[in-house]
Amino acid sequence: MNLKSTLESQKKYFQTQATRDIGMLKKLLSVFRTEILNREEDIYQALHKDFKKSKFESYLGEIGIVISEIDTTIKHINTWSKPKKVKASLLNFPSKDFIYSEPYGSVLIITPWNYPFQLAIAPMIAAIAAGNTVVLKPSEHTENTSKLLESIISSVFKPEHVKVIEGGIPETNLLLKERWDYIFFTGSVAVGKIVAKAAAPFLTPITLELGGKNPCIIDNTMSTQLIAKRLVWGKFINAGQTCIAPDYLLVHSSVKKQLISDLKKEIINAYGDNPQESPDYPRIINTKNLSRLTSMLEDSKVIFGGHIDTTDCYLAPTLIEEPSLDSNVMKEEIFGPILPILSYTSEADISTIVSKYEKPLGFYVFSTNKLFYKKMIKTYSFGGGTINDTMIHFANTNLPFGGVGESGVGAYHGQLGFDTFSHKKGVVIKGNWLDIPLRYAPYNNKLNKLKKLFKFLG
Ligand code: NAD
């Protein structure tokens, strides 16, 4: 990896202003779109080789989202990038006031393995749309997808504009030693802190898209069958390796038994009696993660699933009933196909459990009781959430996607992605046809007039 020369050539290219040519960016994005669709089969194959992701989930969670981000960007980039006229302050009369969006410059994007295509390309699109250059460091754990990312991106973008640099921890550390104008990181809380530390000496602005323990609260006002269907989808898609998957259930004790029975039925409906044979059920990314997940089954009561095949990195969709809050499964983010089911009888029980953890990335409530779910939304701090379903807030590019507290800093998707990668410059263009003398010295007895003016502005 010749990092120094890559970064240097990107900085030079940025200075030419070429990265801010909207016409060129739209053309490039449309060529990129075509290239992604031309390579659709290769993408499916790479994701399948990496962890047996099905074609359907590869389109839903990776290709489809990326294509939709490209389309939204091409459609709106002219409007997003135009200076926005804002109401001027009477204090500056006469003037015209604007917010200019300017790119930061050289952006570093570091990505995880669980949605290795989408989580690399979605921020990259936003970064280049805003006029930046990008160095993209995909995950070393999905090497087939990472190689393909490199191949697709290098066939469309010049390396001085966008460059993929593959590698693991040593390569990431080298990248983090350089001075970037913006760092966008998606991954674990622990590595997020390493990124924040590396950014601090240069005061480099960062976005951290992290994870956490996402609660799913279920009262007794809804059909448990519908809840089970939506939960099985949200929890076991990508074999639970989704940052916004529901981590644990907090279900009203009066419906727990019925919900468990419906969850078992829905798991079988989705993946059959032996999910290992289902073409739709992915594998755990590697043996390290499999053994981390296996240890979560050791001190809790498994009531469904639990089957492990280390030779195939397989862990069945698994239900755990009433684990202790000190058990392995309740200590950290699960990030796998294990669903602990805890029950509650009062809102105080909910508070005891939810408040025990850091602010989560996702938050879910199943309830038809408006007062209840609105109270939950207001009471708890979380990145984003869905009522009466799981994870679908991710799909709307009009909604910010990001965490709060330990689950992350900043957000993106749609226009917010463009805004994340742009510095907003406030600019006043002063008129010369009038020059009100009030502000100039000598001030003499002007103070009262100034007070009156501020009062008027109110
Ligand atoms: P990770 O933090 O281990 O790795 C992410 C990236 O950081 C990789 O590119 C990796 O090479 C690099 N990295 C790993 N260890 C490093 C170190 N010590 N020093 C420097 N760089 C290092 O995360 P992961 O295992 O790939 O992904 C799982 C985590 O990511 C989960 O916690 C999940 O919640 C989170 N996640 C968050 C989002 C989101 O959008 N908020 C999306 C997906 C995953």
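A few comments on the model shown:
- With all protein chains in place and ligands, DNA and RNA left out, the 1.4 Å accessible area ranks LYS264, LYS85, LYS158 as LYS85, LYS158, LYS264, largest first.
- With the biggest extent put first, the Cα atoms of the chain measure 83, 54, 38 Å across the principal axes.
- Total formal charge among the other residues, if their Cβ is under 10 angstrom from that of GLU160, Lys/Arg +1 and Asp/Glu -1: +3
- Pairs exceeding 26 Å between alpha-carbon atoms, taken from LYS49/LYS331; LYS197/LYS235; LYS27/LYS82; LYS374/LYS424: LYS49/LYS331; LYS197/LYS235; LYS374/LYS424.
- Cα gyration tensor shape for the stretch 326-458, rounded if a/c is under 1.5, else prolate or oblate: prolate
- Sequence-separation-based contact order of the chain, relative, with Cα cut under 8 Å and 6+ spacing, percent: 18 percent
- Efficiency of FRET from Cβ geometry, HIS307 and LEU37, R₀ 41 Å, rounded to 0.05: 0.65
- Gyration tensor verdict on the stretch 262-339 (Cα atoms; rounded if a/c is under 1.5, prolate if a/b is larger than b/c, oblate otherwise): oblate
- Rg of the Cα atoms in the stretch 215-398, relative to 2.2 N^0.38 Å, amounts to 0.97.
- For a modelled paramagnetic label at GLU347, 7 Å from Cα along Cα-to-Cβ, the residues of the stretch 353-393 in reach, with backbone nitrogen under 16 Å, are 353-355, 365-381.
- Peptides ranked, highest mean first, by Cβ atoms within 10 Å: ranges 252-258, 339-345: 339-345, 252-258
- Fraction of beta bridges assigned by DSSP in the stretch 215-398 that are antiparallel (%, nearest 5): 20 percent
- Leading residue at positive end of dipole, the stretch 215-398 (Cβ point charges), from LEU361, GLY240, MET330: LEU361
- Between ALA190 and GLN15, residue separation times 0.36 nm minus the direct Cα-Cα distance comes to 59.5 nm.
- When the surface is traced with a 1.4 Å probe over the full set of protein chains, TRP233 keeps roughly 100 Å² accessible.
- A probe of 1.4 angstrom, applied to the heavy atoms of all protein chains, finds ARG283 with accessible area near 20 square angstrom.
- Within the shell of other residues whose beta carbon sits under 10 angstrom from the beta carbon of ALA88, the net charge comes to +3, with Lys and Arg scored +1 and Asp and Glu -1.
- Computed label-point distance, nm, for sites PHE372 and ILE392 using a 7 Å Cα→Cβ extension: 1.9 nm
- Each peptide in 92-98, 138-144, 24-30 was scored by the mean count of other Cβ atoms within 10 Å over its residues; highest first, the order is 138-144, 24-30, 92-98.
- Most to least accessible of HIS307, HIS393 (protein chains only, probe 1.4 Å): HIS307, HIS393
- When TRP113, TRP180 are compared by accessible surface with a 1.4 Å probe, the order from highest to lowest is TRP113, TRP180.
- Span from the the stretch 40-98 Cα centroid across to the the stretch 122-160 one, whole angstrom: 15 Å
- The alpha carbon centroids of the stretch 375-422 and the stretch 288-303 are separated by 29 Å.
- The magnitude of the dipole of the chain, with charges of +1 and -1 set on the Cβ of Lys/Arg and Asp/Glu and taken from the Cα centre, is near 2860 debye.
- For the chain, the 222 nm mean residue ellipticity estimated from helices alone, with every DSSP H stretch of n ≥ 4 adding -39500 (n - 2.57) and the total spread over all residues, rounds to -12500 deg cm²/dmol.
The values are calculated or read from the model by the stated rules, or taken from the named source; none is laboratory data. Everything numeric here is computed off the predicted structure, so don't read it as measured data. Because the Cβ atoms are built from the backbone with ideal geometry, glycine has one as well, and the counts that use them run over all protein chains shown. In case anyone asks, the SASA skips ligands and DNA or RNA and just uses the protein heavy atoms, side chains included. Shrake-Rupley method; radii C 1.70, N 1.55, O 1.52, S 1.80 Å.
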